[in-house]
Amino acid sequence: MWYDCGYLLMSRIQRLSDLDPQLFPETMYALRDCSFNAQPEHWWSYFSADPSDLLAKDLADWYTKNEAGLLLPNIFTTLELAQEFAHKLPNQREKLQIVRIGLAAGYHEQFIAEQTEKRPNEQPAGFLIMLQQPKQLPIQQGLWLGVELGWFDYHNIHSWLCESENQQLIRNDAPVDCRPNEFGLLKSLAAAEYLIPQISIYNGINDDTPAPQVYPFCLIGYEN
């Protein structure tokens, strides 16, 4: 079972240079803010745009109208909102994929505890808001893309492939198939759960700060 984390508008990225071309496809999906080309990149950019930018003004007005269903950093709470926004980007729409994200239910309590402890006085990230009232994700309603391993740093999400040496784990003689599929994602929760305890994440701060937890997220594709 998976719990709903909301929708993202994503496009495939080119395989990163440090990833093995024998393991990963030429284009792929990855949950990493630095490269997954999500739209919008930042909602606030529409409010700080040049006054002559009519598209930005339209998007800012749309955001204001629908703000209750939009969460940080760029999460849509319903498929209809994601589709509406995609229609406002005609030049990009063909490249965009609406992706619904789900957290494996067995990791729900751990995720809530970690994220709540990190930011007790901050506006919580959209994933946390969605998961505070967990709702089962019906995976049969869309196109199963695969499973991604990710972790959070404030409002930013990172893929396990941000630490590129972790791809070496795929080559091990694992009891489950850990090779990425045609989307660059793991094929099953079993593969994710085999890898999680072996993944080493650099905390990026200092040795006294615990490294973040790694979680399995499923990605389900929908028509835009």
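Being out of contact with any strand residue (DSSP E or B) (no Cβ under 8 Å at 6 or more places or on another chain) and β-branched (Val, Ile, Thr) is the filter here, so list the residues in the stretch 80-115 that pass it. Residue satisfying the conditions is Ile112 alone. State yes or no: is Asp18 part of a helix (DSSP H, G or I) and open to solvent by 40 Å² or more (accessible area, probe 1.4 Å)? Here the answer is no, as Asp18 does not meet what is asked.
Within the stretch 21-60, if we keep just the residues that are open to solvent by less than 80 Å² (accessible area, probe 1.4 Å), acidic (Asp, Glu) and more than 22 Å from the chain's Cα centre (by Cα), the residue that is modelled with the highest pLDDT turns out to be Asp58. If the condition is being modelled with pLDDT under 80 and within 25 Å of Met28 (Cβ to Cβ), then the stretch 114-138 contributes only Ala125.
Candidates are the residues of the stretch 92-105 that are part of a helix (DSSP H, G or I) and touching a residue at least 60 places away in the same chain (Cβ under 8 Å); the one that is most open to solvent (accessible area, probe 1.4 Å) is Lys95.
Screening Thr77 against (1) exposed (fewer than 15 other Cβ atoms within 10 Å of the Cβ); (2) hydroxyl-bearing (Ser, Thr, Tyr); (3) touching a strand residue (DSSP E or B) at 6+ places or on another chain (Cβ under 6 Å) leaves a single unmet condition, (1).
Reported count of residues in the stretch 80-91, each being open to solvent by 40 Å² or more (accessible area, probe 1.4 Å) and under 16 Å from Asp58 (Cα atoms), is 6. From the list Leu161, Leu186, Leu169, the lone residue that is crowded, with 22+ Cβ neighbours inside 10 Å, modelled with pLDDT under 85 and either within 21 Å of Leu23 (Cα to Cα) or out of contact with any Phe, Trp or Tyr (no Cβ under 6 Å at 6 or more places or on another chain) (or both) is Leu161.
The values are calculated or read from the model by the stated rules, or taken from the named source; none is laboratory data. Quick caveat: nothing in here was measured; it's all calculated off a predicted structure. Counting neighbours? That spans all protein chains shown, and the Cβs are built from the backbone with ideal geometry, glycine included. SASA here: full protein model, heavy atoms, side chains in, ligands and nucleic acids out. Shrake-Rupley method; radii C 1.70, N 1.55, O 1.52, S 1.80 Å.
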